[in-house]
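The values are calculated or read from the model by the stated rules, or taken from the named source; none is laboratory data. No experiment lies behind these values; they were computed from the predicted model shown. For neighbour counting, all protein chains shown are included, and Cβ atoms are generated from backbone atoms with ideal geometry for every residue, glycine included.
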C-alpha cells in the first residue's frame, strides 16, 4: 500500500506532511530551488527508512500555482495529484475541527483520492 507526501502551498513556502508508519513527519521550506533541495535532503532518509512507495498530492488553497516545488516534481516525473482549492475548502468545511496544515492536506487528498493508496504505474 502506498503512503502519501502532501504538499500545502502557502505564499512563498510549502509545508509537507510525509506519512510514516508512526504518523506524519512535517516540515516547511521556502518555495525556491534551495527549498526544494532542502526538502529532498529532509525527505530522502524518511522515505528510505519507511521502505514503501509514496505518492505526492499537492494543495494550493489560494489558486493553482505550485511554484518551484510543483515544477520540480513534474520535471522529475513524479506527477503529483492535485487537489483543487474548492475541494480543499469543502474538506475543511466538512471537518471544522481541522485547521489548515500539511497533515490536513494529506487527509483531504486521501479523502478525495483514495486510489492513491493502490495506484501503480
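Just to check your reading of the model, which residue among 46, 18 is at pLDDT 95 or above, surrounded by 15 or more Cβ atoms within 10 Å (Cβ to Cβ), within 13 Å of residue 7 (Cβ to Cβ) and within 15 Å of the chain's Cα centre (by Cα)?
On the way: 46 fails: within 13 Å of residue 7 (Cβ to Cβ).
Residue meeting the stated conditions: 18.
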message = Checking residue 55 against (1) at pLDDT below 95; (2) buried (at least 18 other Cβ atoms within 10 Å of the Cβ); (3) assigned to a helix (DSSP H, G or I), only one condition comes out false. Which one?
response = (3)
ask   = If we scan the range 82-94, do we find a residue that is surrounded by 11 or more Cβ atoms within 10 Å (Cβ to Cβ), within 16 Å of residue 5 (Cα to Cα), out of contact with any helix residue (DSSP H, G or I) (no Cβ under 6 Å at 6 or more places or on another chain) and in contact (Cβ under 8 Å) with a residue 24 or more places away in the chain?
value = yes
ask   = When residue 68 is evaluated against the numbered criteria (1) over 22 Å from residue 116 (Cα atoms); (2) at pLDDT 95 or above; (3) out of contact with any strand residue (DSSP E or B) (no Cβ under 7 Å at 6 or more places or on another chain), which criterion, by number, is the only one it fails?
value = (2)
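Just one of 23, 70 is out of contact with any helix residue (DSSP H, G or I) (no Cβ under 7 Å at 6 or more places or on another chain) and buried (at least 21 other Cβ atoms within 10 Å of the Cβ); which is it? Full working, then the answer.
Details: 23 fails: buried (at least 21 other Cβ atoms within 10 Å of the Cβ).
Result of the check over 23, 70: 70.
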message = Scan the range 26-43 and tell me whether some residue there is assigned to a helix (DSSP H, G or I), surrounded by 15 or more Cβ atoms within 10 Å (Cβ to Cβ), in contact with a strand residue (DSSP E or B) (Cβ under 9 Å, 6 or more places away or on another chain) and at pLDDT below 95.
response = no
query = On the given criteria, is residue 116 crowded, with 16+ Cβ neighbours inside 10 Å, modelled with pLDDT under 90 and assigned to a helix (DSSP H, G or I)?
reply = yes
